[in-house]
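Working notes for the structure below.
No value in this document is a laboratory result; all are computed from the given coordinates. Model, not experiment: these values are computed from the prediction. Every residue, glycine as well, gets a Cβ built from its backbone with ideal geometry; the counts of neighbours run over all protein chains shown.
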Amino acid sequence: LAEALRQARAVVEARPGGPDGGDVDGSAELDASVLQSLREIGGDEFLSDVIDVFRVDAPILLATLRRSVDAADSDELRRAAHTLKANGATLGAGGFAELCRELEERARNGELDGASELAERIEGRYLRVEQALAALGAGAQS
Amino acid sequence: VSLPDGGRVLVVDDSAVNRMVLTKALSADGHTSLTAENGLQALELLQAGGEPCVDVVLLDIDMPMLDGYETLARMKSDERLRHLPVIVVSSVEDLDSVVRCIKIGATDYHTKPFNAEVLRARLKASLAEKRLHDLQLEYLEQVGRVTDAAAAIEAEMFAPETLDGVAARDDALGQLARVFQRMAREVADRERRLKAQVQQLRIEIDEACAARKVDEITDTDFFRNLQERANTLRLGSEQVDG
């Protein structure tokens, strides 16, 4: 797990700035109403726990995404993109989830041309989501 | 029928995030939950033991090992599981998936992220449906016990306590069971009284027989002659003593 996390973080951090990897704007990455509905279910501590699980799972799934793109394994790619999409949507990361949905759709149709670029955009977008979530956690603690 | 609020819910989802959110939402509403990470795990849980251990299943579609469609199909082809309400909670949003799940037998279909209010309402309805089903099953089982009791009465092998559970019902079936028990107990009491009477008659008959035998012996010339001789001997003895 530690190795997967390290690899995924290395992949994400190696991305240059760009449309999905540039400046971080937390408010644009996360839907406040979705986060609020999670707070209503279990409070701040629960939201923090969900974010922790998301931040543990996502790098593993991103590593799977990258591996399946390289191996042209459309089934594994579709499943990883699907789970990332669902997890992102659960935390209100709509833009991230939308990119994952697009990759899932392509994988379902076996259209792997451009999948590598899309995976890169997802990795970059994840970095922004992750930073927004981290900021959220820091805000809650302060 | 009054229904308790809390039910037992199986959450089947390969995403730890989604399992976590769903189970928390369920516990906040007073439900208890079990979790499975894919369809195979879910079926193993549901098929273990006698009766299924849950009232409702929340089922994801896209999962490894065994997806939601196949899990749902296997549940609906299993006699013991087909009555369990299954609410699909999936991020597969296309209409074909919704139609497919409903056709296989899903109770409802929600897309992720789920709306807590809508899911709460659907769960409540599904729990009521499941409990009504459970009550119907229990009723049929108890009707079976009453018909078994009728056969046992015919065979004179009925034990009234076998209907104690049914007799505790406050409906017509319970009344029928109580009537069976009362009749059986009355018959048993009558039998006991008759046996006691027969026993008493036997004693009286035996005593009458003995008395008649005594009469037969004492009411003879030989016995009277013996008595006279005995009296004579007693008188002679008294004169000698005097």
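Mind checking whether some residue in the range B:30-49 is within 14 Å of chain A (Cβ to nearest Cβ) and aliphatic (A, V, I, L, M)? I'd like the intermediate steps shown before the answer.
To start, the set of residues in the range B:30-49 that are within 14 Å of chain A (Cβ to nearest Cβ) comprises B:30-31, B:33, B:35, B:37-39.
Adding the requirement that they be aliphatic (A, V, I, L, M) leaves none.
No, there is no match, as no residue in the range B:30-49 is within 14 Å of chain A (Cβ to nearest Cβ) and aliphatic (A, V, I, L, M).
Quick grid of which residues meet (1) over 15 Å from B:Ile61 (Cα atoms); (2) in contact with a Pro (Cβ under 8 Å, 6 or more places away or on another chain); (3) in contact (Cβ under 8 Å) with a residue 24 or more places away in the chain; (4) in a loop (DSSP other than H, G, I, E, B):
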| site | (1), (2), (3), (4) |
| --- | --- |
| B:Glu79 | yes, no, no, yes |
| B:Arg82 | yes, no, no, yes |
| B:Glu93 | no, no, no, yes |
| B:Asp96 | no, no, no, no |
| B:Ala106 | no, no, yes, yes |
| B:Tyr109 | no, no, no, no |
| B:Phe114 | no, no, yes, yes |
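Screening A:Ile41 on (1) assigned to a loop (DSSP other than H, G, I, E, B); (2) within 11 Å of another protein chain (Cβ to nearest Cβ) shows it passes everything except condition (1). When B:Val86 is tested against (1) more than 28 Å from A:Val34 (Cα to Cα); (2) under 32 Å from the mean Cα position of the chain (by Cα), exactly one condition is not met: (1). Annotation: of all residues in the range A:49-83 being closer than 17 Å to B:Ile61 by Cβ and facing another protein chain (nearest Cβ under 9 Å), the one that is surrounded by the fewest Cβ atoms within 10 Å (Cβ to Cβ) is A:Arg78.
Filtered by the rule that a residue be crowded, with 19+ Cβ neighbours inside 10 Å and over 14 Å from B:Pro113 (Cβ atoms), the range A:101-119 gives A:Leu103, A:Glu104, A:Arg106, A:Ala107, A:Ala115, A:Leu118, A:Ala119. Candidates in the range A:84-107 are the residues that are at the interface with chain B (Cβ under 10 Å from one of its Cβ atoms) and hydrophobic (A, V, I, L, M, F, W, C); of these, the one that is farthest from A:Val50 (Cα to Cα) is A:Cys100. A single member of B:Met63, B:Met20 is assigned to a loop (DSSP other than H, G, I, E, B) and within 13 Å of chain A (Cβ to nearest Cβ), and it is B:Met63. Under 9 Å between Cβ atoms, which residue pairs at least 6 apart in sequence (or on different chains) link something in the range B:156-167 that is closer than 16 Å to B:Gly144 by Cβ and in contact (Cβ under 8 Å) with a residue 24 or more places away in the chain with a partner that is assigned to a helix (DSSP H, G or I) and of a type in the set (Lys, Arg)? Listed by first residue and then by second, the contacts come to B:Val166/B:Arg145; B:Val166/B:Arg178.
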